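Q: First, the structure itself, so that you have it in front of you.
The values are calculated or read from the model by the stated rules, or taken from the named source; none is laboratory data. Remember, predicted model here, so these are calculated numbers, not experimental data. Heads up, the Cβs are rebuilt from the backbone with ideal geometry, glycines too, and the neighbour counts pull from every protein chain shown.
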Amino acid sequence: MRLVWDQEVQGSNPCTPTNIMKTVTFTIEKIDGTLLDLEYVPFDNPHSKLWLRALEENNNIQWSERVYNLNDSKQELNDSIATCNSTIEKINSKFKLTIPNITVSNLQQDVNHVHTFFVESTREKLWDELNWQLHGLEILDRNKNKKSQGQIFLELQDKEHYDISNLSFKYFTTRKIFGYCYANYSHVGRHIFEMYNAQDHEAHDEHVIPMNKISGSSYLWFGNTTNWMYDKIRKFKIKQWFTKNKINEIVGMKWGNPKLAIGWLPVAKLKDKLSTGTLIGCKKVLKITINKGQ
């Protein structure tokens, strides 16, 4: 099995392990019933400390099965579409709406269109479920022809949100590194990088919300580390898209402002080396444990 560990190369954000001596363990259940403990060491920066504080205050998982690209990809996608359409039917019935179903043949366009219905939505469970299910479909669709793109999202119940420190915005990155944990986007809407990836031309202005708060919600990346040259070219394309679509007018910030929060915010990394084959069959997150250390 290939061993992958902390492939920091040119273009990475300067993150160093914290001296707090606390770690976070995510316990994952596999399809065969076996358990896998993944222990993470927080970085020594303000947002990592807020993330850890939020987890200490509340680590109750809301959706435990947001595990992607670690099982049969075709089956995952079909099951996720069925689940999403079931939620759409419930919302249509409850709110007297006519949100169309998601189709596999026109998935991204369908997802973009469904997002337009969130303008009038309220923050209740069904809408939250649909929001995360739509994001999950995009993840599966974008990676259906790729290997080694495993990822796990952890959303928490009744989580606390903290304002991201001005010092932390410089750490946002469009590069992802195997074994890193990123603070999950916890707003209802879409951040700029996600809008770019979706090439969404339907969503209303209210949907574009740069990440400005952090909670204990987490994003574990087990895919390949992003090549720095590829990322440099992609940043140029994001800038072109940003200018063409006048995103500056939507968010009230010019290109280059760190508070655009483009990409992901790294908060921790795996403590030990991990074989990629170890992750195959992961199904859901059972619990989150804060280890106090010595």
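Q: Count, please, the residues in the range 223-234 that happen to be surrounded by fewer than 15 Cβ atoms within 10 Å (Cβ to Cβ) and within 15 Å of Asn197 (Cα to Cα).
A: 2
Q: Also: Scanning the range 179-198 for residues that are surrounded by fewer than 21 Cβ atoms within 10 Å (Cβ to Cβ) and in contact with a His (Cβ under 7 Å, 6 or more places away or on another chain), which turns out nearest to Ile164 (Cα to Cα)?
A: Ser186
Q: Taking the range 35-78 on its own, how many of its residues are closer than 15 Å to Ile152 by Cβ, surrounded by 14 or more Cβ atoms within 10 Å (Cβ to Cβ) and charged (D, E, K, R)?
A: Selection size over the range 35-78: 4.
Condition check ((1) under 24 Å from Lys283 (Cα atoms); (2) modelled with pLDDT of 90 or more; (3) not hydrophobic (A, V, I, L, M, F, W, C)) across all residues:
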site: Val4; (1), (2), (3): yes, no, no
site: Asp32; (1), (2), (3): yes, yes, yes
site: Phe43; (1), (2), (3): no, yes, no
site: Leu50; (1), (2), (3): no, yes, no
site: Arg53; (1), (2), (3): no, yes, yes
site: Arg66; (1), (2), (3): yes, no, yes
site: Ala82; (1), (2), (3): yes, yes, no
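Q: In the range 235-281, what residues are of a type in the set (A, V, I, L, M, F, W, C) and assigned to a loop (DSSP other than H, G, I, E, B)?
A: Correct list: Met253, Trp255, Ala261, Ile262, Ile280.
Q: Could you say whether any residue in the range 79-99 is buried (at least 16 other Cβ atoms within 10 Å of the Cβ), more than 20 Å from Gln157 (Cα to Cα) and small (Gly, Ala, Ser)?
A: Yes, some residue in the range 79-99 is buried (at least 16 other Cβ atoms within 10 Å of the Cβ), more than 20 Å from Gln157 (Cα to Cα) and small (Gly, Ala, Ser).
Q: Of the residues Ile81, Ile99, which single one is part of a loop (DSSP other than H, G, I, E, B) and either out of contact with any helix residue (DSSP H, G or I) (no Cβ under 8 Å at 6 or more places or on another chain) or closer than 22 Å to Glu194 by Cα (or both)?
A: Selected residue: Ile99, the only one of Ile81, Ile99 that is part of a loop (DSSP other than H, G, I, E, B) and either out of contact with any helix residue (DSSP H, G or I) (no Cβ under 8 Å at 6 or more places or on another chain) or closer than 22 Å to Glu194 by Cα (or both).
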